[in-house]
1. Just for the range 1-35: of the residues that are open to solvent by less than 40 Å² (accessible area, probe 1.4 Å) and assigned to a helix (DSSP H, G or I), which one is nearest to residue 68 (Cα to Cα)?
2. Criterion first (surrounded by 14 or more Cβ atoms within 10 Å (Cβ to Cβ), within 28 Å of the chain's Cα centre (by Cα), in contact (Cβ under 8 Å) with a residue 12 or more places away in the chain and within 14 Å of the ligand (Cβ to nearest atom)) does residue 285 satisfy it?
3. I need the full set of residues from the range 240-277 which are under 30 Å from the mean Cα position of the chain (by Cα) and exposed (fewer than 15 other Cβ atoms within 10 Å of the Cβ), in order please.
4. (1) without any contact (Cβ under 8 Å) to a residue 40 or more places away in the chain; (2) within 16 Å of the ligand (Cβ to nearest atom); (3) of a type in the set (A, V, I, L, M, F, W, C): which one isn't true of residue 261, the others all being true?
5. Of all residues being polar (S, T, N, Q) and more than 12 Å from residue 311 (Cβ to Cβ) in the range 192-228, which is surrounded by the most Cβ atoms within 10 Å (Cβ to Cβ)? Just the residue, please.
6. So which residues in the range 304-318 are aromatic (Phe, Trp, Tyr) and either at pLDDT 95 or above or within 12 Å of the ligand (Cβ to nearest atom) (or both)?
7. Determine whether the range 101-109 contains at least one residue that is assigned to a loop (DSSP other than H, G, I, E, B), modelled with pLDDT of 80 or more and open to solvent by less than 50 Å² (accessible area, probe 1.4 Å).
8. Taking only the range 313-324 into account, find how many residues are more than 12 Å from residue 107 (Cβ to Cβ) and buried (at least 21 other Cβ atoms within 10 Å of the Cβ).
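The values are calculated or read from the model by the stated rules, or taken from the named source; none is laboratory data. Note that the structure is a prediction, hence the values are computed from the model and not measured. For neighbour counting, all protein chains shown are included, and Cβ atoms are generated from backbone atoms with ideal geometry for every residue, glycine included. Only protein heavy atoms, including side chains, enter the accessible area calculation; ligands, DNA and RNA are left aside. Shrake-Rupley method; radii C 1.70, N 1.55, O 1.52, S 1.80 Å.
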Amino acid sequence: MIEKINHLKEKIETYNISNSEMLENYRLKFLSKKGELTELFDAFKLISGAEKKHIGQQLNNVRQEIENKFNEAKEKFSTSTKKSNLISDLSLPISAFKIGSSHPITNVKNEILQIFESIGFSVAKGPEIEDDWHNFSALNFPENHPARDMQDTFFIDSTSSEKYALRTHTSSVQVRLMENSKPPIRALMPGRVYRNEAISARSNCFFHQVEGLYIDEAVSFADLKQTLYFFVSQFFGEREIRFRPSYFPFTEPSAEMDIYLGTATEQDYRLTKGTGWLEILGCGMVDPNVLLNCKIDPEKYSGYAFGMGIDRITMLKYGIKDIRQMFENDIKFLEQF
Ligand code: PHE
């Protein structure tokens, strides 16, 4: 018996496993139910007397050896499968398509929306082709009033009696929102707007605005200031702001808000024309006439509105010098964002 065990030991020690096939042969030959080890254990059952203990130990030792060798080889084998998988991975086609990036205007718009969403504003949208009522009349632009010329409008040829135009501002969405919902209303209105302006590095015939509207009981100018101050601190960092009186037909009082950039760098000096201040938005308290036009009781409710151009803020943020670059679909330009 001992001889047989020693013989098996020798075989194990000299058995060379160098691939998965050999490993399987090894398993069948030594470890399976019909293998040589099982044979020896079967014979062992018939042994009795003083020898049994010693033989049992030897048998267990050889089993241990067989298993160790098997496990070692198995590990090698499994790492080699990983390797071979890797090689077959290399034959997979590489991704041939570049993933696009979001447009800088989209990035800035989303950033602005997020800031206001964090203080309870929702987002509303409206059509880009607007009727006269939503773009002008409801917003307190009197018929034939020169205020309509403030925003050089693209009118649309139409045979119907209703006049249509490409919206000149997203304030038209204010009107739709007020007509269709009850206060409190707290919403942002982002979108593309169109004006028949001379195209230059600083202005285009279309651009993007985000407008905000808050209507509730007892909304004051202080609420407007604080909200805009919060926005500036989140978007630009802590900066001084100032309000200058202005005029819009749909707000009273109206103001323009500037942020202080300073004149330390050449760019800031140029942008602010040497004053350090840059205008970034128009705002004001919603005119009671506008509330009335939208069937909201101005005795009970008041509200503020503000509107800013996303394009200019994007140019400011990324240091883009020419507004037209953003719409030439030049991949080299767009890839940077
Ligand atoms: N609609 C104005 C514009 O396009 C901006 C504005 C919005 C001003 C809301 C006041 C209140 O210039």
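1. Initially, the range 1-35 is screened for residues open to solvent by less than 40 Å² (accessible area, probe 1.4 Å), giving 5, 8, 12, 17, 23, 26, 30, 32, 35.
Among the residues that remain, those that are also assigned to a helix (DSSP H, G or I) are: 5, 8, 12, 23, 26, 30.
Details: 5: 17, 8: 15, 12: 11, 23: 12, 26: 12, 30: 12 Å.
Selected residue: 12.
2. Numbers: surrounded by 14 or more Cβ atoms within 10 Å (Cβ to Cβ): yes; within 28 Å of the chain's Cα centre (by Cα): no; in contact (Cβ under 8 Å) with a residue 12 or more places away in the chain: yes; within 14 Å of the ligand (Cβ to nearest atom): yes.
No: the conditions fail for residue 285.
3. Our first condition is that a residue be under 30 Å from the mean Cα position of the chain (by Cα); within the range 240-277, this holds for 240-241, 257-261, 267-268, 271.
Of everything in the range 240-277, those that are under 30 Å from the mean Cα position of the chain (by Cα) and exposed (fewer than 15 other Cβ atoms within 10 Å of the Cβ) turn out to be 240, 267.
4. The number of the failed condition is (2).
5. Looking only at the range 192-228, we keep the residues that are polar (S, T, N, Q), and these are 196, 200, 203-204, 209, 220, 226-227.
Cutting the leftovers down to more than 12 Å from residue 311 (Cβ to Cβ) gives us 196, 200, 220, 226-227.
On the way: 196: 12, 200: 10, 220: 12, 226: 11, 227: 20.
Step by step, filter the range 192-228, then rank; the result is 227.
6. Selection gives 304, 306.
7. Residues of the range 101-109 that are assigned to a loop (DSSP other than H, G, I, E, B), as a first pass: 101-103.
Remaining after also requiring modelled with pLDDT of 80 or more: 101-103.
From the residues that got through so far, the ones that are open to solvent by less than 50 Å² (accessible area, probe 1.4 Å) too are 103.
Scanning the range 101-109, I find at least one residue that is assigned to a loop (DSSP other than H, G, I, E, B), modelled with pLDDT of 80 or more and open to solvent by less than 50 Å² (accessible area, probe 1.4 Å), so the answer is yes.
8. So the count comes out to 1.
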